[in-house]
Structures are given as C-alpha cells and as structure tokens.
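Data block below; observations after.
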Amino acid sequence: MTEPRFESICDFDLLIPGRGAAALLGDGTQVAVFRLHDDSLYAVSNRDPFMRANVISRGIVGDRGGEPVVTSPLLKQAFSLKSGVCLDDETVALEVFAVEVVDGAVRVGAVSEVKAGA
Amino acid sequence: MSKRLVVIGDGMVGRRFLEAVTQRDPSWDVTVLCEEPRPAYDRVRLSAFFDGVSAEELSLASDLPGVEVRLGEPAVAVDRDAKAVRSESGEYPYDKLVFATGSYAFVPPMEGADLDGVFVYRTIEDLESIKAHAEGRRHGVVIGGGLLGLEAANALKLLGLETQIVEFAPWLMARQLDEAGGGILKQHIEKLGIKVDCGTGGSRIEAVDGRLRMETNRDGVAFDTDLIVFAAGVRPRDQLARDCGIEVGERGGILTDLSCQTSDPDVYAIGEVAAMEGMCYGLVAPGYSMAEVVADRLAGGEATFPGADMSTKLKLLGVDVAQFGAFDGPLATTYLDPVNGTYAKLVLSDDATTLLGGMLVGNAEPYPLLRASVGGKVPGALADLLSGGEVDAALPEGAQVCSCNAVTKGEIMGAIHEGCHDVAELKACTKAGTSCGSCIPMLKQLLTEGGVEVSKAVCEHFAQSRAELFDIVKVTGITTFSELIARYGAGVGCDLCKPTVASILASLSNGHILEGEQAALQDTNDHFLANLQRNGTYSVVPRIPGGEITPEKLIVIGEVAKEFDLYTKITGGQRIDMFGARVEDLPKIWRKLVDAGFESGHAYGKALRTVKSCVGTDWCRYGVQDSVKMAIDLELRYRGLRSPHKLKSAVSGCARECAEARGKDFGVIATEHGWNLYVGGNGGFTPRHADLLLSDVDTETLVRTIDRFLMFYISTADRLQRTSKWVEGLEGGIDYLREVIVDDRLGICAELDALMEKHVENYADEWKGVIDDPEKLQRFVSFVNAPETPDPSIEFETVRGQKFPAGTTARSHAAPVALGIPVTLRSEGK
Ligand code: SRM
Ligand SMILES: Cc1cc2nc3c(=O)[nH]c(=O)nc-3n(C[C@H](O)[C@H](O)[C@H](O)COP(=O)(O)OP(=O)(O)OC[C@H]3O[C@@H](n4cnc5c(N)ncnc54)[C@H](O)[C@@H]3O)c2cc1C
Ligand code: SF4
Ligand code: FES
C-alpha cells in the first residue's frame, strides 16, 4: 500500500467543534474535515454521491446508535464518519481519508486509497 | 474434485445468480463468459448514463469467491457431448451450464438500417456511440413508442436533440395502455416538446448530404434527421442454444420448465433469454426470481418459479404511468380528465365487485392500494378510486402489499404486532418496501391501521417531544445544546435534535443564531443564512415587507444580481429570489443589500416568511381597509421569529381575498368594521383553508391575538408541524384555541404576550450581524485552506438568457423505477 502523503489544511483551532470544513487538496480532491465535540477528527470525501455536489462538509454531525455520522445537507442521508458507508443505503459510501494533528495543524492523507486508521 | 459451473453472460440476471449461488453453495468452481468489456451493470438505470452517472456508478459487480469472470470473451459454441463451452481463446468444461445471455435489440429488416448514425439502445457502448454521434447535431428519431422508446426519446432530448418518436402501433405504450391512456400519455409527452407520430412505420433509410432520411409507410411522410435509434423491442439471444440442439420456444427463447431447466438436464436458462414454459419475460424482476430458483436447485433445493406479477409503475419523462393485473375483462370503467391530463381504468368482474386490473396515467397515487387489491374486493367507491380522490379502505389480509418482495398485508400486520414501529423496521424484518419503494405509502397506512402511535420523541437522543423540550428550556433557562443533552438527553445529537433545539433557543431570543455553540446546531441553510441549492450554491432572498418595494430598491436588486451573475425570479411570496450565489460571495452580496436597507428574508429558516398583501384601499375600488400597511406592520413585527415550521401570512383588503389570506398560517381579511382573523391555513402539500378565529376586531385586538396564537403554537407544536396540523390536532379545535388565547382560560396569556414582546425587542437583522463580525465571516469560504478559491466543480450554463446549474437542460425527467414483480421464491416441500 502507498504511504499516505499528508497535506496541511489549517490550524486545528480554526475548526468549529461539531461542524465541518472543506479543504482542497493539491490534486484537486475535495475533502470534508470534521471536528467533533470531543475534539476527535474525521475526514471524508466532500462530494455527495447522491446529488454529486461538493457539500458534505456543510452537513450536521452527530451519532446514530453511537456511530459518528454526518448527514448530507441536500437529501439528508447519514454517512458513517469512520467507514464512510451510507447508513441509509449501504451500497454507497464516501471515501475516507487519514487525518492527524501535528503541532496544532490539521493534516489530511492526500493519497485517496488511504483509509482512516490504516 | 470441485464441481464446475459455467455461466454464459454477465448481465443483470447472471450477476444476481452468481451472488446467490456463491452464497448458498460456495463449493462450485465458477467460470463466467462475459461478452461485454465490463462486468454486469444496472441496465435498468442505463439512461442515467446521460444524466452524468458514470459506468462505474452503474456497476453491479463485486469480487465473488470462486468466480472467474472472463471479460470481453463471448462463448462461441457449446459441445454438449464433451460438456464444454468454447470461446475464441479457450475451452471451459462444465458439470452444469447456465445460459444468461439476455436479449438483443430488434431491428426490423429495413434498407439502410446499417447506415452510420443508426443505433440501438441496450449497452453502455450503444449509449457512448449515440452520445458521440449527437455531438453538434440537431435532430433525432426514435423508432418505437413503448417503454424503451420513451426512455430513448428522453435520452435524445437530454442530449439536446429535437426528438421525434415514430410508433407503428396506433398509440404509445400499446402493451400497457389502451387507446385513451396512450392518448393522455401522448399529450404529456408532446408538452415536453417531443413529437409523436403513431400508426407510422419506417420503411427505408438513406443517407442524404451527411444526414439521414427515413421514409415511412405513410404516403409523403418522411423524416430528415441526424440520428435514428431503434427501440422496437427485444429478441432472446438463443442462437448458441439452437446451434447445440437445445430446444427453443415457439416464439424464440430457450425453453425451460418452472425450475429453469432446459431440454438438457445439465443446462439451465435464466433471465430474458429463458422461455419459461414458452413465455419470455422482458423485465428484470422475474429474471431475479429465476436466478434464485437455479441457485437453490444447484444447492440441492426444489424451488420453482413463483410466477410473475407484470404490474408496472414508472415515471417516464415526469409522467406517472401504472398498469396492474388484467388488461381487459368482462366489465371496465374509465375516467378521463383531459384538462389535468389524467386517465384511469379499472377492470372488474361482471358483477362489478372484484377488481381484476387496470391502468393509471398522469396520477398513480392509488396504485399501491389498487395493485394490492387485484383479485379481491374493489377497495372503495368507484368514483373515488377513478378520480384519485380520498379512499378509505381496509385491505384484505391476503392482499399483496409489496409485490417486489411478495409480502402480504397479513405478514406486515404480524410484524407490526411483533413490535415493528416504523417503516425502517418493517423494511428490515419483512423486506417490504426495499426494492422499488412504491408500497411505502401503504406501509405507513398499515402502521396507523395497526394502532402504532407515532412516537413524539424528537429522535434517538431525546425521548421528549419538541413541546416538552421547549418547556424545559423555558423553565430551566438552559442556553446551550450541550447542557440540555447532558441533562435531559443521551449521545451527542443528530440532524433532527440539533436544529430543533437551535430553533427553540432562537424562539426564546438567545442572540444571533451563529453565536458560539449555536452555530454548530444549525441546518446548513441557517448556517449560511441562505438556501442550499442542488449544485452547492445558495439562493438569496431579501425581505420585501408586504411585497411593497421602491424603484430604487428594485434597481439595487437588479444591480446586485448583475454584478454577481445571479439568476433572478419573482417568487410566489411577493418578493425576489436570486439563485446561484457561491458561498464566498454571500457576504459581499449582503454587504450591498444591507447598505441599501435590505434585511434577511429568512427564506432559509423555519421562521416567518412573507406577509403578502393586496393593494387594498390605496388603489383598489373595492378595498375597505389599508391591507398593505397592515401586511407591512405584521411582517415587521414577526420578522425573524423562529418557529417549529415556517410561518406565512397575508392580508386582503376585502372579501374578494386577492392576497389568499385563508391559505396562510394566519390570514387577515378586511371588513367594513375592522378585521377578520383566520388561522391554520396551508397551501403546499395538504392545502387547508384557515378557520375563522375572530371577526370585526380592531387593529390592537388583532395584533394581540396573533401574538398569542404564534407563541402558543411555538410553545406546543411538534417539530416540523405547520399550524394547520397543529390546529387540527388541538383537542377542542378552534373553540378551545379561542378559549386559551382570547378568554385566557389557562391563564397563560400574560406569559405569551411577554415572550412576543421579548422577540420584538430583541429582533436584529441576522445578515447585518454577520457582515459586521469578522469571526463569523471566516466561515463563508469554499475551502478552509484556500479561502480565495471558489469550488471548481460548480459550473453553470445559460438558459433563457440567465444562468442555471450546468446540466439543467440535460437533467432527466425520467427516473426509471424498478418494476413491481416478486423476486422471492416459494420452494415446495419446505
Ligand atoms: C422561491 C419559492 C418558489 C417561487 O419561485 O415562487 C419557493 C421555494 C421553495 N419552497 Fe416553497 N417556495 C415559495 C413559495 C411557496 C408557497 C406560496 C406562498 O408562500 O404563498 C407555498 C404554499 C403555501 C404554504 O406554504 O402553505 C410553498 C410551499 C412549500 C412547501 C410545502 C409546505 C407544506 O406545508 O406542505 C415546502 C416544503 C417544506 O417547507 O417542507 C416548500 C419548500 C421550498 C424550498 C425551501 C425547498 C428547499 O428546501 O429547497 C424552496 C427553496 C427556495 C430557495 O432556495 O430560495 N415550499 N412555497 C417561493 C418563495 C416564497 C418567498 O418569497 O419566500
Ligand atoms: C434502456 C433499458 C431500460 C430498461 N428498463 C427496465 C425497467 O425499468 N424495469 C425492468 O424490469 N427492466 C428494464 N429493462 C430490461 C432489463 O434490463 C432486462 O430485463 C435485464 O437486463 C435482463 O437481464 P439478463 O441478465 O437476462 O440480460 P442482460 O442484462 O442483457 O445480460 C445478458 C448479457 O449476456 C451477454 N451475452 C450474450 N451472449 C453472450 C455470449 N455468447 N457469451 C458471453 N456473453 C454473452 C450480453 O452481452 C449481456 O451482457 C430495461 C432495459 C433497457 C435496455
Ligand atoms: S382583496 Fe379586495 S381590496 Fe384587495 S385587491 Fe382584491 S378586490 Fe381589491
Ligand atoms: S418495494 Fe414494495 S412494491 Fe416495490
């Protein structure tokens, strides 16, 4: 597997707890980064696979039965932030990206095959 | 030694079979010969390819254990003595062989049918060639006006071609519809700009000056065009079977019995190529049933084909078309409404008591009920059923409610009694509703019939109803979501409870909705103080109180729209909507609007929208009060008021009611002596005329009563409950409401008055609050790491002189819906 090449996105403090932000990676990929209330971080593809618009970062985050999720702001399907899988239609999933904080900066794994935690 | 299975064809049914067989009996060693360059894909949704859905997104393939798929390698011969299948490059011995070769598009023998620019409509490659050929061309003809032909016509329209359908039969969809139904459908299709010629057949095609010319069977009728698509039916691909001596049906197709076995006991046929007891099925669901049958047989089972319900419901080019049960019978009764473009026909037993079948065009709402009632009692008064009116009917237990998955009403009621409490749970335990979804309204009805009280809990995080949460927040004075969920809820919240609590906090005047923690609770619309559109841009709606606006302000709107290249439209709410604003432009747009004296119109929030007015005494010869001033005063009083759902109002200057006040949450109509107040009106989904609450009152009483009405509603309604449903749900109805807010029977009026006073005092324009606050402004960017960069994926095109999201002209009207046929299997003796 390819080693993730990390790209710095922004200061961690810029992210609002419980809300997402979109980032544009060097290769043009759009990633939605979420900071949850417990300061954990997740990154998934920003593209809504149902409506094909780059808006996932603008969804509300929360949990479904304990699984951290983001709901698409367009048609409100919930996606697991851990696996990217859509809980309302398991044949659809968002890509998941590696994400970390180094010296107060949020960095996202720029290689798309990289799965969070892998 | 493992058993060898060879499958010819990796289409929709072949793929379903592979999934079923590997699941049931993984010991087979499977080879699949796949003629197409890619593994199975969703042919039913093929047209979505023109709507921007990629080949990958249509794919149905996944890695299956023990299955080798040989792409682009068609079978060329079967040697039944040697028990082997041959391709150009290899030979594959089998113990069992399955034909899943599907159909090919039928092209009637016609001179010129092989010319460049003539196509069929079956594979992704076909669509790619059509698309390439259509580039820069103008006109296309589709031969065939059945299901497939209409889909193909839609596709050509999506490609921007002027489209002509030529159908040999005397009307469209002649297999599913009768003449009247086909006529209504034609009316709808022609309205979309597609031309239709029925009773016409192509006879000869020739190439003329780089274009095509098709002559027809009708004298003098010929079409000059750039591209011709044949969608005139399909034929089973049974040649390989014929060549090796396997029996075929009289009208083609590989002959099988109900277990899908062919005349050779080691060979099966499934899907469109199979002639099951002589009958070929051109739909995917019966094919899926066959796939399950053979998988079961190979695992030692005894399944047989359960029969197919050929009922169809689909939306073609935005038109509902449904057909169920028998096409014709001893007695038929019809209803035709040419003005609204609807047609219904019911086929009945000769005593008119048993429903045998029927068809619906233009409005397929009664379809689930009717389809489930086929073979049983007619489920209601004929007049209601035919005209699509309200039907109050109880289905028999044995009626099939979900025909995709063969689930009866009895099974669903059983599941409800065993504890299924919503549609999601019913889906999980009965499979009903999991395929085409057309039975879901029925499932909801059965839940109610089964006595399931829809829980009022807001979501899994709060067991309380919205009204209870409102009381908690009001009484405890809690001002943050985190404190509320920690003390009264569980988990971290979700997209249901967060906006609900945000709205409650806002109703109770807790400052700017994007302040501090509140920002993270808001729905995306509220978060950006604008309405999200399908392509990720936003719309901007400044408030225009009462619909009255000066020429200067109109010019400002025009200038802003020009500067930021926004699509403009007059809304149904007497104001102007500007669409297509990029998120990073919103603050700049609002800077200009606020400077010119505009405020947020709250089109994005569950809040007061507009108070519409008529011209009233100022101009109108009939007006008896100043309706414009009243509308403006009311709009300014309640602007920014957050509520369980949106609030709309209107004021008419006399009983002629030009402002449509009785269709509003609260409506005011002028009288000789003062004002009449109406509440609980609704347009939208379930229109309702408002009820008269007060008559002939003065302005002060009017406003005080509206204050209380709104605050009582805000304090006690459910999440997303409009006032109409709330008023209907009040025990004691409008009289009770009058007792509470006029006679103060509960002694709460002083508190309601105080809440509204607080709102009026604390109102501040939300947009002004943002553009003056650098911290809030920071969020209005597409990318945190590139604040200056607009989202490059957003593109526009020009239509009627204005900008629209890219793909607008091409956006499909047709959403192919899987057809309603059972795919479960009934095994005998199990
Ligand atoms: C722009 C407008 C259509 C137009 O071009 O005329 C419109 C556009 C939308 N309407 Fe509407 N409605 C508009 C007037 C109406 C009216 C007519 C009226 O207000 O006089 C109605 C029927 C009256 C009523 O509400 O009782 C109306 C009944 C709805 C409904 C159904 C409500 C219901 O109770 O059934 C929805 C859906 C909802 O709210 O859940 C809806 C939802 C919407 C949404 C918010 C859908 C969405 O979530 O994207 C649209 C957003 C527009 C945007 O992005 O700016 N719109 N909508 C009208 C804006 C009026 C305004 O100036 O604010
Ligand atoms: C545009 C369109 C819209 C449709 N809409 C609907 C709808 O709304 N609802 C519905 O129920 N049905 C619909 N259908 C029909 C549905 O797609 C078919 O019923 C279904 O695909 C049949 O599956 P199958 O596996 O039998 O055949 P196919 O999906 O056609 O698969 C057969 C495969 O076998 C391959 N093959 C053939 N011969 C060989 C060989 N010798 N060697 C190797 N491979 C071979 C073919 O290349 C093909 O890939 C639609 C069809 C089209 C074209
Ligand atoms: S409602 Fe009456 S006053 Fe108002 S415009 Fe209509 S006719 Fe004139
Ligand atoms: S899913 Fe129930 S009828 Fe199609």
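Numbers at a glance
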| quantity | calculated |
| --- | --- |
| Conditions (1) assigned to a loop (DSSP other than H, G, I, E, B); (2) modelled with pLDDT of 85 or more; number of the one not met by B:LEU752 | (1) |
| Candidates B:SER695, B:SER715, B:SER652, filtered to the one that is within 16 Å of ligand 3 (Cβ to nearest atom) and not charged (D, E, K, R) | B:SER652 |
| The range A:73-109, subset over 12 Å from the mean Cα position of the chain (by Cα) and small (Gly, Ala, Ser), residue most open to solvent (accessible area, probe 1.4 Å) | A:GLY104 |
| Index of the failed condition, B:ASP351 passing every other in (1) more than 23 Å from B:VAL401 (Cβ to Cβ); (2) among the acidic types (Asp, Glu); (3) open to solvent by 20 Å² or more (accessible area, probe 1.4 Å); (4) in contact (Cβ under 8 Å) with a residue 40 or more places away in the chain | (4) |
| Test: residue in the range B:507-529 that is within 12 Å of chain A (Cβ to nearest Cβ), touching a Gly at 6+ places or on another chain (Cβ under 7 Å) and not in a helix (DSSP H, G or I) | no |
| Among (1) open to solvent by 20 Å² or more (accessible area, probe 1.4 Å); (2) within 29 Å of the chain's Cα centre (by Cα); (3) not aromatic (Phe, Trp, Tyr), the one test that B:ARG213 misses | (2) |
| Some residue of the range A:43-53 being open to solvent by 20 Å² or more (accessible area, probe 1.4 Å), closer than 27 Å to B:PHE481 by Cα, within 12 Å of chain B (Cβ to nearest Cβ) and of a type in the set (A, V, I, L, M, F, W, C) | no |
| Of the criteria (1) of a type outside the set (Lys, Arg); (2) open to solvent by 20 Å² or more (accessible area, probe 1.4 Å); (3) within 11 Å of another protein chain (Cβ to nearest Cβ); (4) within 21 Å of B:SER793 (Cα to Cα), which one A:ILE56 fails | (2) |
| Filter result (more than 8 Å from every other protein chain (Cβ to nearest Cβ) and touching a helix residue (DSSP H, G or I) at 6+ places or on another chain (Cβ under 7 Å)) within the range B:767-796 | B:TRP767, B:LYS768, B:VAL770, B:ILE771, B:LYS776, B:LEU777, B:PHE780, B:VAL781, B:PRO790 |
| Number of positions in the range A:59-72 that are surrounded by fewer than 24 Cβ atoms within 10 Å (Cβ to Cβ) and in contact (Cβ under 8 Å) with a residue 24 or more places away in the chain | 1 |
| Residue under evaluation B:ARG137, criteria (1) open to solvent by 40 Å² or more (accessible area, probe 1.4 Å); (2) assigned to a strand (DSSP E or B), criterion not met | (2) |
| Subset of the range A:73-107 (residues that are within 9 Å of another protein chain (Cβ to nearest Cβ) and small (Gly, Ala, Ser)) | A:ALA78 |
| Restricting the range B:669-698 to residues that are on the phi < 0 side of the Ramachandran plot and of a type in the set (Asp, Glu), the residue that is least open to solvent (accessible area, probe 1.4 Å) | B:ASP691 |
| Of all residues in the range B:530-544 being within 12 Å of chain A (Cβ to nearest Cβ) and among the hydroxyl-bearing types (Ser, Thr, Tyr), the one that is surrounded by the fewest Cβ atoms within 10 Å (Cβ to Cβ) | B:TYR538 |
| Failed criterion for B:GLY358 (all others in (1) modelled with pLDDT of 90 or more; (2) within 16 Å of ligand 2 (Cβ to nearest atom) hold) | (2) |
| Matching entry among B:CYS459, B:CYS497 (being open to solvent by 10 Å² or more (accessible area, probe 1.4 Å), more than 16 Å from ligand 4 (Cβ to nearest atom), within 32 Å of the chain's Cα centre (by Cα) and within 11 Å of chain A (Cβ to nearest Cβ)) | B:CYS459 |
| B:ARG487 free of Cβ contacts under 8 Å to residues at least 12 places away in the same chain, of a type in the set (Lys, Arg) and either in contact with a helix residue (DSSP H, G or I) (Cβ under 8 Å, 6 or more places away or on another chain) or away from chain A (no Cβ under 12 Å) (or both) | yes |
| Qualifying positions in the range B:765-800 - open to solvent by less than 70 Å² (accessible area, probe 1.4 Å), over 30 Å from A:VAL106 (Cβ atoms) and either in a loop (DSSP other than H, G, I, E, B) or without any contact (Cβ under 8 Å) to a residue 12 or more places away in the chain (or both) | B:ASP765, B:VAL799 |
| Inter-residue pairs, beta-carbon under 8 Å, first outside any loop (DSSP other than H, G, I, E, B) and in the range B:28-56, second within 16 Å of ligand 1 (Cβ to nearest atom), 6+ apart | B:ASP51/B:ARG811 |
| Verdict on B:ARG656 being open to solvent by 10 Å² or more (accessible area, probe 1.4 Å), touching a helix residue (DSSP H, G or I) at 6+ places or on another chain (Cβ under 6 Å) and in a loop (DSSP other than H, G, I, E, B) | no |
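Each row is one residue, and each column tells you yes or no for (1) aliphatic (A, V, I, L, M); (2) surrounded by 24 or more Cβ atoms within 10 Å (Cβ to Cβ); (3) in contact (Cβ under 8 Å) with a residue 60 or more places away in the chain; (4) away from ligand 2 (no atom under 12 Å from the Cβ).
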{"residue": "B:MET279", "(1), (2), (3), (4)": "yes, no, no, yes"}
{"residue": "B:VAL284", "(1), (2), (3), (4)": "yes, no, yes, no"}
{"residue": "B:TYR288", "(1), (2), (3), (4)": "no, yes, yes, no"}
{"residue": "B:PRO306", "(1), (2), (3), (4)": "no, no, yes, yes"}
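The values are calculated or read from the model by the stated rules, or taken from the named source; none is laboratory data. Just so you know, these numbers come straight off a predicted model, no measurement behind them. Here Cβ is always computed from backbone atoms with ideal geometry, including for glycine, and neighbour counts include all displayed protein chains. In case anyone asks, the SASA skips ligands and DNA or RNA and just uses the protein heavy atoms, side chains included. Shrake-Rupley method; radii C 1.70, N 1.55, O 1.52, S 1.80 Å.
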